[in-house]
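Okay, structure first, notes after.
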Amino acid sequence: MCGIVGFLDKTQNSNAPVGQAILTMLTALGVRGPDSAGVALYRPPENGAFILRVKLGELDGAAEKGVSIAEQVGAFGFVKEVKTTAEYLRFVIDLQGEATPLTQFIESLDEEIEVVSMGRELEIVKQVGTPQNLDATHSVSTFLGTHGLGHTRLSTESRVDLSHSQPFWAHNYPDLAIVHNGHITNYHKLRRIYEQRGIRFYTENDSEIIGVYLADRLSQGLTFKEALDASLTDLGGSFSYLAATANYIGFAKDPFAFKPLLFTETDDFVAVATEEIAIRAAFGDGYAVREAQAKDVSVWQR
């Protein structure tokens, strides 16, 4: 019953109202998943710097914890911006060296800490509650950028908290995010394989495996389209998912086509959603909307 949405501005406008489009679609899908809501939003990089969103844990003491982390990560590069909102720390860093040591260091400071997103263009914010609550806390509707994903969740098999909410960032693969509706039936088998290779999982949510899988395939040299194509064979179950990187957005729909997914494409934009009502709410009735079919994979480049 989860709802997923995606949006890409095709006009080369780096200040498109991505946040408003994603939020409007999510709000229309709110009845599909009242447990939590989240977005993965992209905008052009800030002179090559990395943006990190870090879950701090409990609200009490979050600001002090955020300041402490920002001071300590100075050893990895010049920290340009620091802000704590609710349970999130956001900071921008001119990183010296690889990304993985930085994320590992941050998460070693406290067991409650998790790097929710990292990238030159990606920012993920998610929380328990409705899309309206997410906007009230993080001003999602004001975000300007190029493309994004959104998710509203009804939990069916794992607990309701920030970490189990979507979107998921593919940890230690900058700028890659996914949202998913459905079930990955070979999740436990794939998880064991990846854990034997030293990959850490942060939740018991089967959706998390999709980001790990795509990051692995991209690291092997597959293109974004090839990785999504391969997932139709390698991932079991009934699913529709959206994935995005700094330069691409796309979707894959399983061979059974049990999970709905619809989209519209014009000269100016692409919009994808679990239900047509979401696309109509954001963009009106003047566009043809098509339903993705079994084994459909579509990819658009920014």
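V299 fulfils the conditions (1) touching a Leu at 6+ places or on another chain (Cβ under 8 Å); (2) within 21 Å of L29 (Cβ to Cβ); (3) crowded, with 16+ Cβ neighbours inside 10 Å except for a single criterion, (2). Screening G148 on (1) touching a helix residue (DSSP H, G or I) at 6+ places or on another chain (Cβ under 6 Å); (2) surrounded by fewer than 22 Cβ atoms within 10 Å (Cβ to Cβ); (3) not in a helix (DSSP H, G or I) shows it passes everything except condition (2).
Among the residues of segment 104-130, the ones that are surrounded by fewer than 21 Cβ atoms within 10 Å (Cβ to Cβ), of a type in the set (S, T, N, Q) and under 19 Å from the mean Cα position of the chain (by Cα) come to 2 in all. Annotation: of all residues in segment 245-271 being at pLDDT 95 or above and aromatic (F, W, Y), the one that is surrounded by the most Cβ atoms within 10 Å (Cβ to Cβ) is F251.
In the set (1) in a loop (DSSP other than H, G, I, E, B); (2) aromatic (F, W, Y); (3) over 29 Å from T11 (Cα atoms), the condition left unmet by Y287 is number (3). Within the bounds of segment 215-224, is there any residue that is small (G, A, S), at pLDDT below 95, at positive phi and in the same structural domain as T24 (by TED's automatic domain parsing)? Scanning segment 215-224, I find no residue that is small (G, A, S), at pLDDT below 95, at positive phi and in the same structural domain as T24 (by TED's automatic domain parsing), so the answer is no. Each residue in segment 64-83 was checked for being surrounded by 13 or more Cβ atoms within 10 Å (Cβ to Cβ), part of a strand (DSSP E or B) and either of a type outside the set (V, I, T) or within 20 Å of the chain's Cα centre (by Cα) (or both), and 2 of them qualify.
Taking the options A281, A252, A243, name whichever one is assigned by TED's automatic domain parsing to the domain that holds S14 and either part of a helix (DSSP H, G or I) or farther than 16 Å from S207 by Cα (or both).
Testing whether each residue is assigned by TED's automatic domain parsing to the domain that holds S14 and either part of a helix (DSSP H, G or I) or farther than 16 Å from S207 by Cα (or both) leaves just A281.
May I ask you to list pairs of residues, at least six apart or on different chains, whose Cβ atoms are under 9 Å apart, with the first in segment 237-252 being without any contact (Cβ under 8 Å) to a residue 60 or more places away in the chain and the second being of a type in the set (F, W, Y) and in a strand (DSSP E or B)? Partner pairs satisfying both residue conditions: Y248/W300; G250/W300; A252/F239; A252/Y241.
Among the conditions (1) free of Cβ contacts under 8 Å to residues at least 60 places away in the same chain; (2) assigned to a helix (DSSP H, G or I), the only one that F91 does not satisfy is (2).
Hey, any hits in segment 48-63 for a residue that's surrounded by fewer than 13 Cβ atoms within 10 Å (Cβ to Cβ), touching a residue at least 24 places away in the same chain (Cβ under 8 Å), under 23 Å from the mean Cα position of the chain (by Cα) and within 22 Å of A244 (Cα to Cα)?
Checking segment 48-63: at least one residue is surrounded by fewer than 13 Cβ atoms within 10 Å (Cβ to Cβ), touching a residue at least 24 places away in the same chain (Cβ under 8 Å), under 23 Å from the mean Cα position of the chain (by Cα) and within 22 Å of A244 (Cα to Cα).
Could you tell me which of the residues T100, T84 is of a type outside the set (D, E), touching a Gly at 6+ places or on another chain (Cβ under 7 Å) and over 19 Å from V179 (Cα atoms)? After applying the criteria, what remains is T84.
Scanning segment 175-228 for residues that are within 21 Å of G250 (Cα to Cα) and charged (D, E, K, R) yields D175, D206, E208, D216, R217, K225, E226. Taking the stated definitions as given, is E107 outside any loop (DSSP other than H, G, I, E, B) and either without any contact (Cβ under 8 Å) to a residue 60 or more places away in the chain or not hydrophobic (A, V, I, L, M, F, W, C) (or both)? It is true that E107 is outside any loop (DSSP other than H, G, I, E, B) and either without any contact (Cβ under 8 Å) to a residue 60 or more places away in the chain or not hydrophobic (A, V, I, L, M, F, W, C) (or both). Filtering segment 200-221 to residues that are buried (at least 16 other Cβ atoms within 10 Å of the Cβ) and part of a loop (DSSP other than H, G, I, E, B) leaves Y202, T203, N205, D206, S207.
The values are calculated or read from the model by the stated rules, or taken from the named source; none is laboratory data. Remember, it's a predicted structure, so these values are computed and weren't measured experimentally. Cβ: placed from backbone, ideal geometry, glycine included. Neighbour counts: every protein chain shown.
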